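What follows is a single structure, written as C-alpha cells, with notes after it.
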Amino acid sequence: MNERVSMKSAALPSRRRAIRIFAGAGGVCALGAGVRAFAPAPRFFRWNGDVLGAVAEIALWHANETVARNALRRIDGEIARLGRAFGLSDPDSEISRLNRDGTLDNPTREFRALVEASLRLGDLSGGAFDISVQPVWRVYEAHFWTKAEVARDIAARALETARALVDYREIEVSARRVAFGRPGMAITLNGIAQGFVADFIGDLLGGEGFDTAFLDLGEMRALGSHPEGRGWSVDLKDPLKRGVGGRTVELADTALAVSGGYGTTFEPTGRFHHIFNPVDGASSHAFLDVAVVGPRATMADGLSTAIYVAGEAAGARLLAAHPGYRALVTRPDGEGAAIAV
C-alpha cells in the first residue's frame, strides 16, 4: 500500500506512500569540548527488515556499539512477536485465528490494546475508520486477483458485503477474548498497526535511554532531532508522479503516517484500491493521499486512514479533537493543501 525511499535514498517498495528520508550521517557534529580523546564517537547503527509487509529501517545514533547492537537484536525479536499478533499473511497470527474462528481467547496485551484503540477511533470518526472492512477486501481480491469469485457487478457485491459484515460496533473486546457479533466478519489492522509498532519500538528505545533515532516501520517515528541539530527531513513526493518536488516535513520527537490508495490498486485505472468506505464498500477517492504529523505514530496512522475516507470537512473536525496533530493532503486534482483546524 505504500512506496517509500530509504534513509539512503534507494527506492524500496512499501504500501501506502511515496517519501524520501534525509537521515544520512554526513557532516555530523564533531565530539564536543571536554570529551576524552579516546571516547568512541557516536555513529548510526542500522536495522533493516520487514514490518507487516513494509520494507523497514531503523537508524540508531549511539556511541557504544555493543549497547546499540544489543538493542537492535531485541528490537528484531519484538517486531517478529508483534507480527505474530497483527500479520494477516501469517495463518497462525492472532488476527488470522480471530478471522478464521470468529473468536480469540486470551489475546495478548498488544493485540487487545490495538483493537480497543481502533474501536475508539471508529467512534471518534463516525465510522470512517472501521477495521471490520476485511470482508470487502476479500471480495475485491477474489474478483480482481485470484478470480475465485468474479462478480457481474463488483460495486454491488462490495455494497452487499459492507452492509452485511462491516460494523466495528459488532466487535467485543475484553481481557479474556475478542469476538465478532456476526458470522463471517473479519478485521484488518493494516490502517493502524504499523504506527503501533513504530510507537512500541520507539517507546522501548526511549525507555532504555536512547534519545536519537529514526524509525521507518511502515510509518515513522523520530526520537529527538537529527545529530546535525536539525529535524529529520522527510520529502512527501507527488502521488501523481509528475516529476515535481514534493513537500518536505521536519520531524523531531514526532511521528508521520501517510495513506494513499495508489499504494495497492486492484486494476490499472486505480478506481478500485485498498482504502474502503465502510458504508458502501467502495474505494474512497476524497484525496490522493493524506499525511498526518503528530506526537504518536499509532494515532497518526489511524487518523490518516480516517481522514482519507471521511473527507476534508470531517477531517478538520477529527483533527480538532486531537490537538498536536496536523494533516497535509493531496486533493484529487493534485493540489496540495493543509487541512485547517
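Readers should treat all values here as calculations from the given coordinates under stated rules, not as data from a laboratory. On a predicted model such as this, the values are computed, not experimentally measured, just so you know. Every residue, glycine as well, gets a Cβ built from its backbone with ideal geometry; the counts of neighbours run over all protein chains shown.
Loop-located trypsin sites (Lys or Arg not before Pro) in region 92-165 (DSSP state not H, G, I, E or B) with no more than 15 neighbouring Cβ atoms inside 10 Å: Lys147, Arg152. Taking amide H as placed 1.01 Å from N in the peptide plane, Ala63 has its amide H under 5 Å from the amide H of Arg43, each at least 5 places away in sequence or on another chain. Convex hull volume of the C-alpha atoms in region 183-240, normalised per residue: 85 Å³. Between Val341 and Asp203, the FRET efficiency from the beta-carbon distance, with R0 = 45 Å, is close to 0.95. Near Gly122, once Lys and Arg are set to +1 and Asp and Glu to -1 for all other residues with Cβ below 10 Å from its Cβ, the sum equals -1. A cut-off of 5 Å between modelled amide H atoms, ignoring neighbours fewer than 5 places along the same chain, links Thr248 with Leu236.
Over all pairs of different C-alpha atoms, the chain has a mean inverse distance whose reciprocal, the Kirkwood radius, equals 20.7 Å.
So what does the Cα-only Debye profile of region 90-149 read at q = 0.14 Å⁻¹, as log10 I(q)/I(0), no solvent term? Listed by q, the Debye log ratios stand at -0.53.
Applying a length cut-off of 15 Å (Cα extent along the axis) and a mean Kyte-Doolittle floor of -0.5 to the DSSP H helices of the chain leaves 65-86, 109-124, 154-165, 193-207, 297-310. Taking 0.36 nm per residue of separation and subtracting the Cα-Cα distance, full extension of the segment from Glu160 to Asp211 would add 13.4 nm.
Got the relative contact order for region 206-328 handy, in percent, Cα pairs under 8 Å and 6 or more residues apart?
20 percent
Taking 0.36 nm per residue of separation and subtracting the current Cα-Cα distance, fully stretching the chain between Ala41 and Asn64 would add 7.4 nm. Quick check: the distance between the Cα centres of region 254-321 and region 123-143, to the nearest angstrom? Here the answer is 12 Å between Cα centres. Loop-only check: which GluC sites (Glu not before Pro) in region 128-232 are DSSP coil with at most 14 other Cβ within 10 angstrom? Counting only loop positions with at most 14 other Cβ atoms within 10 Å, the GluC sites (Glu not before Pro) in region 128-232 are Glu149, Glu208, Glu228. With both labels modelled 7 Å from their Cα along Cα-to-Cβ, the Asp90 to Arg169 distance reads 3.3 nm. Per residue, the average separation of C-alpha pairs within less than 8 Å and at least 6 apart gives region 36-76 a relative contact order of 37 percent. Shape of region 230-291 from its Cα gyration tensor (a ≥ b ≥ c, root eigenvalues): rounded if a/c is under 1.5, otherwise prolate when a/b > b/c, or oblate? Note, shape of region 230-291 comes out oblate.
Comparing Asn277, Val293, Pro40 along the charge dipole axis of the chain, the residue lying farthest to the positive side is Pro40, per the Cβ-charge model. The label-point distance for Arg81 and Thr103, in a model that sets each label 7 Å from Cα toward Cβ, rounds to 2.8 nm. As a length-normalised measure over Cα pairs under 8 Å and 6 or more apart, the relative contact order of the chain settles at 18 percent.
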